[in-house]
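The values are calculated or read from the model by the stated rules, or taken from the named source; none is laboratory data. Remember, it's a predicted structure, so these values are computed and weren't measured experimentally. Note that each Cβ is placed from the backbone with ideal geometry, even for glycine, and that neighbours are counted across all protein chains shown.
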Amino acid sequence: MRKVFDKYLENLWNNYSKDPAKILVHTGTIGWALSSAAQITAILFNDKISAKDKTFLIPQETFDAAVNIGCFYLLTSGIKKFSQKLVTTGKILPRAIRAYMDKSPFKDSYGKFGFNMEKDLKPLASFEPYKKSYTAFKNIFTGGSTIGATVLSCNIVTPLLRNELASFSHNTIVKRANEGKNQVFTKEELENKDSKVFQLKYKPALYNNHTGGMKV
């Protein structure tokens, strides 16, 4: 058991020690997944929610979970990789390292997206004194960018995307419920969607026209 645990710690160190920002992306994604699973489980085992309501609440929460998790991971990992690329290509560097690069054999090459500081400068012994500060700067810059991406995703992008999808779903359900001869909503009710009459009719329409198809 001890060997397994030691191997696990070694794998964690190998995966995250050279790229600390990666753990922010992974733990954040896992956090969203666990939060969503807890929300769905709470609905599933809540005796106060009828089986009829669960048939559309669970697919709805599952869809929200997919949006939350997917948006968070794609945005944070994308910004992390981009910010890391800015440093490894030499586009963004500390002043001391930039001064060194301006006097190096790569003074005309660094800063271009085909350049790689870590690979191209590896043979240069003169870069050795700058390695620690370079690595520290890369980790701090990438970590800060990733933290900013998590804030952007959780507080701005994900809520906006969720609201847009919810609005689209709402309008689709209302449209389906009002097609054909058996119209659910009158013209006056559609013009006043905040009315109590509309809200009372909307929930049955949501159930009857929902395409989730999940049975509980």
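Would you check if ASP64 is part of a helix (DSSP H, G or I), of a type in the set (Asp, Glu) and farther than 20 Å from LEU160 by Cβ? Spell out how you get there, then give the answer.
On the way: part of a helix (DSSP H, G or I): yes; of a type in the set (Asp, Glu): yes; farther than 20 Å from LEU160 by Cβ: no.
In short, no.
Of the candidates LYS122, LYS91, the single residue that is under 18 Å from LYS18 (Cβ atoms) and either in the same structural domain as THR150 (by TED's automatic domain parsing) or of a type in the set (A, V, I, L, M, F, W, C) (or both) is LYS122. Which residue is farthest from the chain's Cα centre (by Cα), if the candidates are limited to the stretch 19-51 and must be farther than 19 Å from ARG162 by Cα and touching a residue at least 24 places away in the same chain (Cβ under 8 Å)? Only one residue tops the list, namely ALA51. Beta carbons closer than 9 Å, at least 6 apart along the sequence or on distinct chains, pair a first residue in the stretch 52-65 that is of a type in the set (Phe, Trp, Tyr) with a second that is modelled with pLDDT under 80 for PHE56/LEU206; PHE56/TYR207; PHE56/HIS210; PHE56/GLY212; PHE56/MET214; PHE63/LEU165; PHE63/SER169; PHE63/GLY212. Annotation: GLY111 fulfils all but one of (1) part of a helix (DSSP H, G or I); (2) over 24 Å from the mean Cα position of the chain (by Cα); (3) at pLDDT 90 or above; the unmet one is (1). Scanning the stretch 8-57 for residues that are at pLDDT below 90, closer than 23 Å to PRO159 by Cβ and either exposed (fewer than 12 other Cβ atoms within 10 Å of the Cβ) or of a type in the set (Phe, Trp, Tyr) (or both) gives a single hit, PHE56. Just to verify a result, which residue in the stretch 111-124, among those that are of a type outside the set (A, V, I, L, M, F, W, C) and within 12 Å of LYS85 (Cα to Cα), is surrounded by the fewest Cβ atoms within 10 Å (Cβ to Cβ)? If we take residues in the stretch 111-124 being of a type outside the set (A, V, I, L, M, F, W, C) and within 12 Å of LYS85 (Cα to Cα), then GLY114 is surrounded by the fewest Cβ atoms within 10 Å (Cβ to Cβ).
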